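Peer 1: Structure incoming, see below.
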Amino acid sequence: MVATWLEVLVGGFLLESVEGTGMPTDRLSRRTIVALSAVGVLSAAVGIFTRAGTDAIQRVLGQSVTLPRPATESDTSLEAAIANRRSRREYGDQSLGRDDLGQLLWAAQGITDRLRGHRAAPSAGALYPLELYVVVGDPGVEGVDTGVYRYRPRSHDLVQTSAEDVQAELRAAALDQDDVEDAAIDIVVCAVDERTTGKYGERGASRYVPMEAGHVGENVYLQAESRSLATVTIGAFEDERVRDLVGAPAAQRPLYVIPVGTRP
Ligand SMILES: Cc1cc2nc3c(=O)[nH]c(=O)nc-3n(C[C@H](O)[C@H](O)[C@H](O)COP(=O)(O)O)c2cc1C
């Protein structure tokens, strides 16, 4: 509770950065905490109108789900993952682990360079126009309620935006493709074109942003393969319907729906 309010105070930003370095926050000196809080109060005042501020408010209003620290090693070689990757449209009835979910989201958009904020997938101008939503359905994820969540790369966690089970409606919006409802979860990749067009103009939206969604899709495929999960990237759906179902703002356009589940 105290930690939550402290994070609100610092605009949901500074502590996330410190935690992300792996430094235990309980070992911070009193002076450092005072300094962080002072800067934090200032940033909260400014940040109230920014994404950091919105995140902090959402953290209080919506349920946030922490995710395990991602692994950067595994027993599967990159070559084996590429060689065996397939679009898999049939899923088992077991739920995913929270570590599976964290690993998939990290592969898609996780921060891999804390200092510069760079992510697992490349981005034109490092402007990061993509937002990830997770529709948790049935069988879902162990210990995570059904509903819709937004991934926050900086804090590597999720904030719940809806407690409604929308997986059946998402299937209908994706031209009734069964795999969307059969999977444990669906990752919905949305784009905020303006983040990229501000620098690159129309080429940013017509080329760079969809290219970036492609990078995300491949990373999810390979991470799923490495964990023996099943996934497929889906591009056939009604854009507005999908956007409404995940509760994304009008300035975002969905580019991919990515069901993921265990293998049957
Ligand atoms: C941009 C894009 C859109 C796709 N849309 C769909 C889709 O709507 N439904 C589907 O079942 N598969 C979809 N796929 C998956 C392809 O059907 C699949 O990649 C292709 O059949 C090759 O099989 P593989 O992925 O197993 O190599 C899509 C793939 C891409 C790259």
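Peer 1: Can you tell me which of Val209, Val148 is within 14 Å of the ligand (Cβ to nearest atom), over 14 Å from Val260 (Cβ atoms), assigned by TED's automatic domain parsing to the domain that holds Thr233 and crowded, with 23+ Cβ neighbours inside 10 Å?
Peer 2: Answer to the check: Val209.
Peer 1: Follow-up question, since we're still on this one. Could you figure out which of (1) buried (at least 21 other Cβ atoms within 10 Å of the Cβ); (2) under 18 Å from the mean Cα position of the chain (by Cα); (3) closer than 16 Å to Leu255 by Cα isn't true of Asp193?
Peer 2: Condition not satisfied by Asp193: (1).
Peer 1: Does any residue of region 117-140 turn out to be in contact with a His (Cβ under 7 Å, 6 or more places away or on another chain), away from the ligand (no atom under 16 Å from the Cβ), among the hydrophobic types (A, V, I, L, M, F, W, C) and closer than 27 Å to Pro210 by Cβ?
Peer 2: yes
Peer 1: Go through region 212-236 and count every residue that is free of Cβ contacts under 8 Å to residues at least 60 places away in the same chain, assigned to a loop (DSSP other than H, G, I, E, B) and within 13 Å of the ligand (Cβ to nearest atom).
Peer 2: Total satisfying the criteria: 1.
Peer 1: Is it the case that Val192 is out of contact with any Gly (no Cβ under 8 Å at 6 or more places or on another chain), within 13 Å of the ligand (Cβ to nearest atom) and either of a type in the set (Ser, Thr, Tyr) or assigned by TED's automatic domain parsing to the domain that holds Glu90 (or both)?
Peer 2: no
Peer 1: Residues of region 223-251 being more than 20 Å from Leu175 (Cβ to Cβ) and surrounded by fewer than 19 Cβ atoms within 10 Å (Cβ to Cβ), which ones?
Peer 2: Ser228, Gly247, Pro249, Ala250, Ala251
Peer 1: Failed condition for Ala251, given (1) more than 30 Å from Thr72 (Cα to Cα); (2) out of contact with any helix residue (DSSP H, G or I) (no Cβ under 9 Å at 6 or more places or on another chain); (3) more than 15 Å from the ligand (Cβ to nearest atom), with all others met?
Peer 2: Among (1) more than 30 Å from Thr72 (Cα to Cα); (2) out of contact with any helix residue (DSSP H, G or I) (no Cβ under 9 Å at 6 or more places or on another chain); (3) more than 15 Å from the ligand (Cβ to nearest atom), the lone unmet condition for Ala251 is (2).
The values are calculated or read from the model by the stated rules, or taken from the named source; none is laboratory data. Every value quoted in this text rests on a predicted model; they were computed, and no experiment measured them. Every residue, glycine among them, receives a Cβ derived from its backbone with ideal geometry; neighbour counts consider all protein chains shown.
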